[in-house]
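I have placed the structure first, in the form of structure tokens, so that the comments after it can refer back to it.
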Amino acid sequence: MKLIIAEKAIAGERIANILSRKPKKKTIKGIPVFQLTFKNREFLLIPLKGHIQDVDFSPEYKSWQKVDLKKLVDGKIVYINNAKDIVSVLKENSDKVGEVVIATDYDREGEAIGLEALRIIKEKNPKIKVSRAYFSAITEEEILGAFSKLGSLDINLAESANARREIDLIWGAVLSRFLSLTAKRMGSKYLSAGRVQTPTLALVVEREKERQKFKAKKYYQLEALLEKNKTRFKAFHEKTKFDKKSDVEKAKKNSTCKHGRVLEIRVSERRVKKPIPFNTTQYIRAASVLGYSAAKAMFIAERLYMSGFISYPRTDNQTYPKSLDLAKTVKMLSGMFKEAKQLLKKEKLFPSYGKKSADHPPIYPVSLPDLKKLSRDEKKIYELVARRFLATLSEEAVLLSTSVVILLNKEKFIARGLNVKKKGWKAFYPYASTEETTLPMMKEGDSANLKKLVILEKETQPPGRYSQGSLIKLMEDLGLGTKATRHETIQKLIYRNFLVGSGSLEPTPIAMEVISTLEKYSPVITKPKMTSELEKEMDLVALGKKTKKEVIKDSKEMLLLALDSLLKNEQKIAKDLREGIRKSKFLGKCPKCKKGDLRVLRNKRGNRFIACNRYPDCKTTFPLPQKGLLQFTDKLCNVCNHPVVRIMWKGRRGFTMCINPDCKTKDKWKAKIKARQEKESKESKEEKRK
């Protein structure tokens, strides 16, 4: 009998159903296990729950206060079983089989997870044979092909993942302990830092500092409202920006007339290339436009992959393999998307392409789901992936750009129009729609009636904050993290109260202080260069050109240099951090006494609330939700001018709220609560009556 190891239960069940039409499912210690027959051979399939071992320091290094940080750098690292029931099931069945087939996801993490299971199995069955099933989608074609042509486990790839886990543990533990001990911020409020996390946070902080330094400048535009053939349209003065109001007023005076004359009409054709296939980064960026966080987008994609609807979502590849039957996939999608039938009329499909890598193919649909069985989010993401695939096989879009120069008295104005001549790929991909501006029919020498001249007063805008999608793209460009971990890094920064926002990302005051302090005393920790160099070293482990031991040794040397600088300036760092933390606890001035500062406190029961620090002279307090991570936003309510806070829950989208319980913004929530209470009361009375 052979043993199959799958990465998760949903993937394991699907693999079992593909290999055998009637697998027998039973539960052992809460773990679903499948017995099946494939090619006249008996198999036992045991799914895992991702990693079944945690990487940690041995017990003697647990105490934050007692362990010397330099000794911690060289502390003993152990792999601890974190899924005891799964480990027990593996051990109980390991001596009943002669071969194990690793069928986890084919990437660094999947290989490392498979190696964990193998090592546990070998504790009881050291002579067991090992093979590997490689696939990029959990479809019948891929799975049957993988099990018909088994390969071998890539130990180097697994060890590169383990090198990363150990390096991240060491860097995270040493830096987090130093910052937390120095700032005297322990327990659940400890200050977190890490090899990838800290330079990523530094990017957001740097952008915020640019925004704070930015000085807005006023400028003016002169807009003309014109009419031709009963159609009104806008035109702007040829000088797009006026720095002085006197200049724009002069231009307005010189433009006053009843009719404008068309001097010139320019029409140009612009071709818009079709999008390239989705890799992980491009997929996350597209999903973020639909309102999904990076972590939520990846979670949904993984569900669709494990259910056999899309290909593996962790990939750098942007070029479809030649073996992929594009026409077959289009024909499949034509049952869901009518537009797809247009592509089937082509003799040959020519897909767009981007960078090519040796890992999985780009993300594309591999089977049609039953939409009734998908959640709302799964439907939206599946459609996004499917439409992107169709768009990559379509044709470029063609836009017509029209520019009309109109003379108003002594001044020239320009009206611009934009129309779609050929939809091309945009017919398949509505997420990149073009806003058309249609101008009335005109020719040179025509006149247009001037209806109104308006001076628009505007301001230059600071650089925008990063969205999760744009930050992940920047991380990829700078070599920070991997396709499998970047979204997790951002989510970690949000949960640890360093970043605020589901759309644009804003650093909290404590994040600003931590990064500013580290940049002052040990800037190497905040720069991408060091992290990027270590990523390249870990790639060498995967290629077999360096050992895990060598790379970890190099990382320790880098860390010790950074730690020396931190320890040398420990007292200065402590002062800066404590002052920053003190400031970060205040939400702003008390709206009632106008003198005190609002801060978050806890009563004897441990319940949190907001109070003025001038107590007992000022007894102003505000209630807070008792669950969820509290984040300060540095913003005031536009209705009652009270501070606004954000509440975050793990795995769920947060919400912002005004702290004033009497604010009108609370009315809709009060109405919902009242309606729910009335409904519950009514149901309770009916139950008693029965």
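Ellipticity at 222 nm from helices only: DSSP H runs of n ≥ 4 in the chain, each -39500 (n - 2.57), divided by the residue count, give -12500 deg cm²/dmol.
Whole-Hz Karplus values for the stretch 221-231 come out as 10, 10, 10, 10, 9, 10, 9, 9, 6, 6, 10 Hz, taken residue by residue from phi with 6.51 cos²θ - 1.76 cosθ + 1.60 and θ = phi - 60°; glycine and proline positions read x.
Listed by chain and number, the lysines placed with their C-alpha closer than 21 angstrom to that of Lys322 are Lys149, Lys274, Lys331, Lys345, Lys346, Lys348, Lys355, Lys356; residues fewer than eight positions away on the same chain are left out.
Suppose a student asked you for the relative contact order of the chain, using Cα pairs under 8 Å spaced at least 6 residues apart; what percent would you report? Please list the in-between numbers first.
Working: 1224 pairs, mean separation 90.5, N = 690.
Once normalised by length, the contact order is 13 percent.
The 3J(HN,Hα) values that the Karplus relation (6.51, -1.76, 1.60; θ = phi - 60°) gives for the stretch 435-445 are, in residue order, 7, 7, 10, 9, 9, x, 5, 9, 9, 4, x Hz. Gly and Pro appear as x.
Does the stretch 575-644 come out rounded, prolate or oblate by the C-alpha gyration tensor, with a ≥ b ≥ c the root eigenvalues, rounded set by a/c under 1.5 and, if not, prolate when a/b is larger than b/c and oblate if not?
It comes out rounded by the Cα gyration axes.
In loop segments of the stretch 417-514 as defined by DSSP, the GluC sites (Glu not before Pro) with at most 11 further C-beta atoms inside 10 Å of their C-beta are Glu435, Glu436, Glu444. With a simple spin-label model that places each label point 7 Å from the Cα along the Cα-to-Cβ direction, the separation between Lys127 and Leu629 comes to 5.2 nm.
The long axis of helix 486-495 is offset from the longest Cα principal axis of the chain by roughly 80 degrees. Between Lys592 and Leu344, the distance separating the two model label sites (each 7 Å from Cα on the Cα→Cβ line) works out to 7.0 nm. Helix 376-392 and the long axis of the chain differ in direction by around 70°, with both axes built from C-alpha atoms.
If the only charges are +1 at each Lys and Arg Cβ and -1 at each Asp and Glu Cβ, what is the size of the charge dipole of the chain around the Cα centre, to the nearest 20 debye?
2820
What's the long-distance tail for the stretch 280-392, i.e. % of Cα pairs beyond 16 Å? That tail contains 58 percent of the Cα-Cα pairs.
At most 12 other Cβ atoms within 10 Å and a DSSP loop assignment: could you name the trypsin sites (Lys or Arg not before Pro) in the stretch 414-470 that fit?
Numbers: sites: Arg416, Lys421, Lys422, Lys423, Lys426, Lys443, Lys451, Lys452, Lys458, Arg465; in loops: Lys423, Lys443, Arg465.
The qualifying sites are Lys443.
Using a Förster radius of 41 Å, what is the FRET efficiency between Asp662 and Asp68 based on their Cβ-Cβ separation? Nearest 0.05, please.
On the way: r = 54 Å, r/R0 = 1.31.
That pair, Asp662 with Asp68, gives E of 0.15.
Pick out, in residue order, every one of the trypsin sites (Lys or Arg not before Pro) in the stretch 36-90 that is DSSP loop and has at most 16 other C-beta atoms within 10 Å; say none if there are none. Show your work: numbers first, answer last.
Details: sites: Lys39, Arg41, Lys49, Lys62, Lys66, Lys70, Lys71, Lys76, Lys84; in loops: Lys39, Lys49, Lys62, Lys66, Lys76.
In loop regions of the stretch 36-90 (DSSP not H, G, I, E or B), the sparsely surrounded trypsin sites (Lys or Arg not before Pro) are Lys39, Lys49, Lys62, Lys66, Lys76.
For the chain, the longest principal axis of the Cα atoms and the long axis of helix 570-584 meet at an angle of about 60 degrees. Extending each Cα 7 Å along its Cβ direction at Lys250 and Arg605, get the distance between those two points in nm, one decimal. Reported label-point gap for Lys250 and Arg605 is 7.1 nm.
Kindly rank 389-397, 622-630 from highest to lowest mean number of other beta carbons found within 10 Å of each residue.
Values: 389-397: 22.6, 622-630: 13.9.
Sorting 389-397, 622-630 by mean packing, highest first, produces 389-397, 622-630.
With the biggest extent put first, the Cα atoms of the stretch 371-507 measure 62, 39, 31 Å across the principal axes.
Once the Cα-Cα distance is subtracted from the 0.36 nm per residue extended length, the Thr240 to Thr437 segment shows a gain of 69.1 nm. Take every Cα pair under 8 Å whose residues are at least 6 apart in sequence, average their separation, divide by the length of the stretch 280-392, and the relative contact order is 34 percent.
Could you tell me whether the chain comes out rounded, prolate or oblate from its Cα gyration tensor? Rule is a ≥ b ≥ c as square roots of the eigenvalues, rounded for a/c under 1.5, then prolate if a/b exceeds b/c, otherwise oblate. Don't skip to the end; give the middle numbers.
Working: a/c = 1.78, a/b = 1.25, b/c = 1.42.
It comes out oblate by the Cα gyration axes.
With a ≥ b ≥ c taken as the square roots of the eigenvalues of the C-alpha gyration tensor of the stretch 118-266, please select rounded if a/c is under 1.5 and otherwise prolate if a/b is larger than b/c or oblate if it is not? It comes out oblate by the Cα gyration axes.
A simple packing score, the average count of other Cβ atoms within 10 Å per residue, orders the peptides 591-600, 517-526 as 517-526, 591-600, with the highest score first.
Work out the FRET efficiency for Gln571 and Lys217 from their Cβ-Cβ distance, taking R0 = 35 Å, and round it to the nearest 0.05.
On the way: r = 42 Å, r/R0 = 1.20.
Rounded to the nearest 0.05, the efficiency is 0.25.
Bear in mind that the values in this text are calculations on the coordinates, not laboratory data. Computed from a predicted model, the values in this text were never measured in an experiment. Counting neighbours? That spans all protein chains shown, and the Cβs are built from the backbone with ideal geometry, glycine included.
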